[in-house]
1. Just a yes or no: is a residue in the stretch 48-58 small (Gly, Ala, Ser) and over 15 Å from ASP184 (Cα atoms)?
2. Could you tell me how many of the residues in the stretch 96-112 are outside any helix (DSSP H, G or I) and either crowded, with 24+ Cβ neighbours inside 10 Å or under 8 Å from the mean Cα position of the chain (by Cα) (or both)?
3. Sort out for me the helices (runs of 4 or more DSSP H) sitting completely within the stretch 188-287 that have 3 or more residues that are over 24 Å from HIS73 (Cα atoms).
4. Please go through (1) surrounded by fewer than 19 Cβ atoms within 10 Å (Cβ to Cβ); (2) in contact (Cβ under 8 Å) with a residue 60 or more places away in the chain; (3) under 25 Å from SER231 (Cβ atoms) for ALA179 and return the number of the only condition it doesn't satisfy.
5. Among (1) in contact (Cβ under 8 Å) with a residue 60 or more places away in the chain; (2) of a type in the set (Ser, Thr, Tyr); (3) in contact with a Ser or Thr (Cβ under 6 Å, 6 or more places away or on another chain), there is one condition SER60 misses while meeting the rest; what is its number?
6. State all residues of the stretch 43-75 that are over 30 Å from GLN270 (Cβ atoms) and of a type in the set (S, T, N, Q); if no residue qualifies, say none.
7. Within the stretch 113-152, restricting attention to residues that are of a type in the set (Ser, Thr, Tyr) and surrounded by 15 or more Cβ atoms within 10 Å (Cβ to Cβ), which residue is modelled with the lowest pLDDT?
8. Let me spell it out: the conditions are (1) over 13 Å from PHE195 (Cβ atoms); (2) assigned to a loop (DSSP other than H, G, I, E, B); (3) in contact with a helix residue (DSSP H, G or I) (Cβ under 7 Å, 6 or more places away or on another chain), and LEU116 meets all of them except one. Which number is the exception?
Amino acid sequence: MPFATASDNVRLYFEEAGSGTPILFIHEFAADYASWEHQVRYFSRGYRCIVYSARGYTPSDVPEKPDAYSYKHFYTDAIAVLDHLKIEAAHLVGLSMGAYSALQVGINAPKRARSLTFAGAGSGFEADRLKAFRDTCMAHATEMERGGSDEVAKLTGTSPGRIPFLVKDPRGFKDFYDALAKHDAQGSANTQRGFQGARPPISEFKDAMNKLKVPTLIIVGDEDDGCIAPSLFMKQHIAPSGLAMFPKTGHVLNQEEPALFNETVGKFLQLADAGRWPDRDPRSIRV
């Protein structure tokens with residue numbers, strides 16, 4: 001099995017398909033490397049597609065201690081995969097937790113990103129909801145340890161942002177839920193504590209986003225309530241960014257609306273590679 005190795009010797013399982021300009025897909029909390037299958041089948045016809053499971057998600061290693069799951073570990077793990085494959089820069093496509101990691105790569109190592117796609121990013125963004133969000137993450141971590149993988153699926157798979165997927169595509173949702181129910185419970189609990197419940201909100205990176213010059217696409221579902229405000233915030237503060245909102249769509253954008261997701265990201269990548277995704281023209285900004 002192919003593995004990249006992180007700076008703290010955690011092994012990260014990855015797969016790749018296709019050839020050409022590389023795309024690195026970074027999954028969300030309730031997913032793993034296999035959740036990008038719709039995208040790999042589509043984009044590998046013209047790109048080199050790389051997917052990997054984050055630390056805590058088998059077949060990658062599952063560190064025992066929560067302090068091995070900080071947001072810094074997660075974004076440097078993405079860079080470790082690129083380093084292992086000797087890729088200088090790739091298009092980074094992230095969903096939710098993966099979008100947060102992609103943002104951190106863009107801020108801290110912008111030369112490693114040809115472009116950035118943030119889908120369903122920013123849960124816990126609102127200042128008045130942040131404490132409750134973090135408290136929920138910590139409580140869920142304890143419940144996941146007690147209840148095992150079934151509890152991971154129950155707590156995460158039926159959260160409000162995933163209900164539109166269930167309503168729209170029950171068969172696709174079942175595949176998503178069944179895969180989630182196989183996650184390592186300890187890895188999920190540690191990710192809740194170390195990453196989800198401890199990472200700074202996106203709002204704390206406003207100054208860094210104002211300086212970001214990497215072509216950026218932001219995607220959000222109009223029924224993913226917790227991610228709409230942070231998506232607008234990123235649009236306002238990342239000059240070379242565009243915002244797409246999918247109608248009647250929740251959090252699991254790439255699986256809930258795979259064709260629309262692939263088309264939207266595909267057009268963006270073409271324009272980014274052609275140098276046709278510039279900063280917003282100041283004349284278009286209302287003052």
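1. No, the stretch 48-58 has no match at all.
2. 1
3. Those helices (runs of 4 or more DSSP H) span 225-237, 253-256, 258-273.
4. (3)
5. Of the numbered conditions (1) in contact (Cβ under 8 Å) with a residue 60 or more places away in the chain; (2) of a type in the set (Ser, Thr, Tyr); (3) in contact with a Ser or Thr (Cβ under 6 Å, 6 or more places away or on another chain), the odd one out for SER60 is (1).
6. Across the stretch 43-75, the qualifying residues are THR58, SER60, SER70.
7. SER123
8. In the conditions (1) over 13 Å from PHE195 (Cβ atoms); (2) assigned to a loop (DSSP other than H, G, I, E, B); (3) in contact with a helix residue (DSSP H, G or I) (Cβ under 7 Å, 6 or more places away or on another chain), LEU116 misses (2) alone.
The values are calculated or read from the model by the stated rules, or taken from the named source; none is laboratory data. All of these numbers come straight from a predicted model, not from anything done at the bench. Don't worry about glycine lacking a Cβ; one is built from the backbone with ideal geometry, like all the others, and counts go over all protein chains shown.
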